[in-house]
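Presented below is the structure to which this report refers.
The values are calculated or read from the model by the stated rules, or taken from the named source; none is laboratory data. Just so it is clear, the structure is predicted and the values come from calculations on it, not from any experiment. All Cβ positions, glycine included, derive from the backbone under ideal geometry; neighbour counts span all protein chains shown. Side chains are part of the model used for accessible areas, which takes the heavy atoms of the whole protein and leaves out ligands, DNA and RNA. Shrake-Rupley method; radii C 1.70, N 1.55, O 1.52, S 1.80 Å.
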Amino acid sequence: MDHETHLWLIRHAPVDGPRGVIHAPDAPADLGDAAAFAALQARLPIEAVAVCSPARRTTETAARLGLTATKDDAFREQDFGEWTGRRHSEIEQELGAEAYRAFWNSPGTNRPPGGESFADQIARARTGLTRLPAGDVVLVVHSGTIRAILAIALDLAPELALRFVIDPLSLARIDRLSDAWRVVAVNGR
């Protein structure tokens, strides 16, 4: 029990910006849902270590939850390279529907131009997890990061982990045991 890490994975608040866009790291969070923040804050352990990705929306969400979080690049969202900041509809129009669909037919291993695959994100998250201490750790991160950690915990292929829906301001609970993982909850409120 002494070496267990209890992960409290929070997806950041919704992006305060247009829908259908692959948002850049500097996209702000919509912090207006006071009831959702209060409910989430009430569920978090007291005196947990707090970590977030360096993206603005995660740091703002962590601060709104009253957390003093350390930024860790290992937990950032998947890098979509040249697609970052662009609308999906623009990318589809530029590439053509067939090429755009081809990417999303294998999103776990395909890389956007200048970016990384979801499998790359999983490897990065795995490295970040090795640095986390035992005890309660709150991670304020992205949907892709939570899916990556679920892929690690459940030993899932990248494409299978992408099937999880992770809502904004939802909570996933995963325990890293001495020789195994335990998934307690996903997408909780």
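Points to keep in mind about this one:
- A13 being open to solvent by less than 40 Å² (accessible area, probe 1.4 Å), in contact (Cβ under 8 Å) with a residue 40 or more places away in the chain, in contact with a Ser or Thr (Cβ under 6 Å, 6 or more places away or on another chain) and not hydroxyl-bearing (S, T, Y): yes
- Taken over region 35-56, the residue count meeting the criterion of being open to solvent by 60 Å² or more (accessible area, probe 1.4 Å) and hydrophobic (A, V, I, L, M, F, W, C) is 4.
- Some residue of region 163-170 being without any contact (Cβ under 8 Å) to a residue 24 or more places away in the chain, under 25 Å from L67 (Cβ atoms) and within 14 Å of the chain's Cα centre (by Cα): yes
- Whichever residue in region 133-176 is among the β-branched types (V, I, T) and crowded, with 21+ Cβ neighbours inside 10 Å and, among such residues, is nearest to A36 (Cα to Cα): V140
- Test: residue in region 60-72 that is in contact with a helix residue (DSSP H, G or I) (Cβ under 9 Å, 6 or more places away or on another chain), among the β-branched types (V, I, T), assigned to a loop (DSSP other than H, G, I, E, B) and within 30 Å of S178 (Cβ to Cβ): yes
- Within region 86-134, the residues that satisfy the criterion of being among the β-branched types (V, I, T) and assigned to a helix (DSSP H, G or I) are I91, I122, T127, T130.
- Only one of the numbered conditions (1) open to solvent by 50 Å² or more (accessible area, probe 1.4 Å); (2) without any contact (Cβ under 8 Å) to a residue 40 or more places away in the chain is violated by I122, and that is (1).
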